[in-house]
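Take a look at the structure set out below.
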Amino acid sequence: MTRPGDHDATRTPRPQGLTREGFEALLTQLDPDRERAGQRYEINRRKLVRLFEWRGCDSPENLTDETFDRVARKLAEGIELRSADPYGYFCGVAHLVYKEVMRRASRERRALEGGGWPPPECLSEDESPYLECLRQCLDGLAHEERDLVLRYHQGENNVRNRQALARELGIQLNALRIRVHRVRRKLEDCVHGCLGSPSRETFS
Amino acid sequence: MNENLPKNELLRGYLLGELAEDEADRLERRLIEDDEFFDLCEAVEADLIAAYARGELKTDVALHRLVSSPGGRARLALARSLNSVADSRLSESRTVVPFRRRVAAVVRPGAQWALAAAAAILVLIGAFWFTRQTPPESGAQIQEVKNSLPPTSGSEQQPGPSKTKALDTASQTPPDRPVRQDERTSAKTPKRPEPLKAAVFELALTTLRGAERAEVQKFPVPAGTELVEIRLDVEGYEDLEVFHAAVRNQESRETVWEKGGLKPRRLEWGPALVLDIPAGRLPSGRYEVTVTAGTTDVSQQFEVARENR
């Protein structure tokens, strides 16, 4: 799945530490077509970053780069990804990277599991610039998208609202979740741009 | 991976660190391979963060981890702002419709009886005059007219819509059919039993177990409550058809209520199991409701806070 207009194969950033040859070999394994391979690379990279985040890792982007680096080195040694399961190899290497990180950080994890954590502080104490940017970005959405995302977020204990909204649209609740989330991603990118901070899609 | 579990429940368990290692590994493989499944995972994460931003979830290690990373803090800020904008839009769109008493539909009891008495007197006078004027064989018609009068002794009707409807009927038109004598004499309608005073709770079920559940809802039970109605959201489990439910006191570990053969009902917001529990079985404390169907076993904890007068 790619969003229209969000990829240019000539500008796919190469992870640091990965040689050009290794990177090209990696792209070739993802797809024979260079453009599609670049798209898959970016999608998979984003997914791995999120998986490392969800696993609670501190430097998800660095760990993702490490994963791609290892896969590319293996490809340079002659290993070929099975066409039936090209992504399983990425997953396997990512798990190895994760386990190594966890072993190193095991003492830190025990401290983390002590509990009693207060709610995290907001991104910035004064949220009004964020709110202002969000309002501008909402105004930039199509009416249906704006209505959808705001109705989805309305009200306390809003599970019932969401179920009613899904029934109104004639779709399942999970399909509604995905639809709303795609609008949220647009808003997130727009707000980051408005605030002048890098979008989550920009690689370092 | 348990394919019978709703996908959002599985993903929620994964995000909150509740899945076994091998299950999480298999799920991550699917996340890499399946773009739509990945989108759903991000959507479930966003919903968790939005609920956390509203204070609907208590902070625990897993949630803290989700919202503490730089990306997580940005997502939390987005959720807070979206909640704020959405709620302000909701409050702007609400219009208060002033309540207006429908005076015309309510007839004062005294006036109703006075009207009925006046009508009865007129009919009696008319009947008397009629018998003086007409042949004896019309006597049966007079009895029928008399029988068609609304009951003047009346029933001890309670205030409310039912009484309103009865008053309208009495003051406007007689019944469509002659009322038999036995019906008139037993015109006092049996007193409808008062509905039990009930407190209604709604819960979503989860496959997650253990002390690290993200949320325990607290339900106040007003003094005088006789019945606690627990409505369990079973969306995604409807194909299981028949359920067994049990409620256990978490402190004493005692099962305070259970019932089998339960079938989901279609409520306005979706399919639900409705448990009717005598309030006396739920003193203040923490409970766990467990629902079983086949090999599926889901549960949820909740807390009851009995209110004193």
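The values are calculated or read from the model by the stated rules, or taken from the named source; none is laboratory data. This one's a predicted model, so the numbers in the text were calculated from it and none came from an experiment. We place every Cβ from the backbone using ideal geometry, glycine too, and count neighbours over all the protein chains shown. Side chains included, ligands, DNA and RNA excluded: accessible areas come from the protein's heavy atoms. Shrake-Rupley method; radii C 1.70, N 1.55, O 1.52, S 1.80 Å.
Peptide B:25-33 shows a mean partner chain C-beta count of 6 within 10 Å per residue C-beta. Relative to one another, the C-alpha centroids of segment A:139-196 and segment B:29-82 are positioned 14 Å apart. The length gained on full extension between A:R135 and A:R104, counted as 0.36 nm times the residue separation minus their Cα-Cα distance, comes to 6.8 nm. Comparing each chain alone with all protein chains together (probe 1.4 Å, DNA, RNA and ligands left out), the residues of segment A:34-61 losing at least 40 Å² of accessible area are A:K47, A:R50, A:L51, A:E53, A:W54, A:R55.
Rounded to the nearest 100 Å², what's the accessible area chains B and A bury against each other, both chains counted, probe 1.4 Å? It would help to have the intermediate numbers written out before the result.
Working: alone 20510 and 13970 Å², together 28730 Å².
Summing both sides, the interface buries roughly 5700 Å².
Remark: the B:I121-B:R73 segment gains 9.1 nm on full extension, using 0.36 nm per residue and subtracting the alpha carbon distance. Shielding of peptide B:44-52 by partners, expressed as the average count of other chain Cβ atoms within 10 Å per residue Cβ, is 4.
The label-point distance for B:K259 and B:E226, in a model that sets each label 7 Å from Cα toward Cβ, rounds to 1.6 nm. List, in the order given, every pair from B:K218/B:K263; A:K47/B:K263; A:K47/B:K7; A:K74/B:K7; B:K58/B:K197 whose Cα-Cα distance in the structure shown is over 29 Å. Pairs exceeding the cut-off: A:K47/B:K263; A:K74/B:K7; B:K58/B:K197. Full extension of the chain segment joining B:R286 with B:E268 gains 3.7 nm, where the gain is 0.36 nm per residue of separation less the Cα-Cα distance.
Taking every alpha-carbon pair in segment B:41-86 and binning the separations at 5 Å intervals from zero gives 6, 25, 35, 27, 7, 1 percent. At q = 0.27, 0.29 Å⁻¹ the log10 of I(q)/I(0) for segment B:239-294 amounts to -1.09, -1.16, computed by Debye summation with a single uniform scatterer per C-alpha, solvent ignored. Using R0 = 51 Å, the C-beta based FRET efficiency linking B:E36 and B:H244 works out to 0.90.
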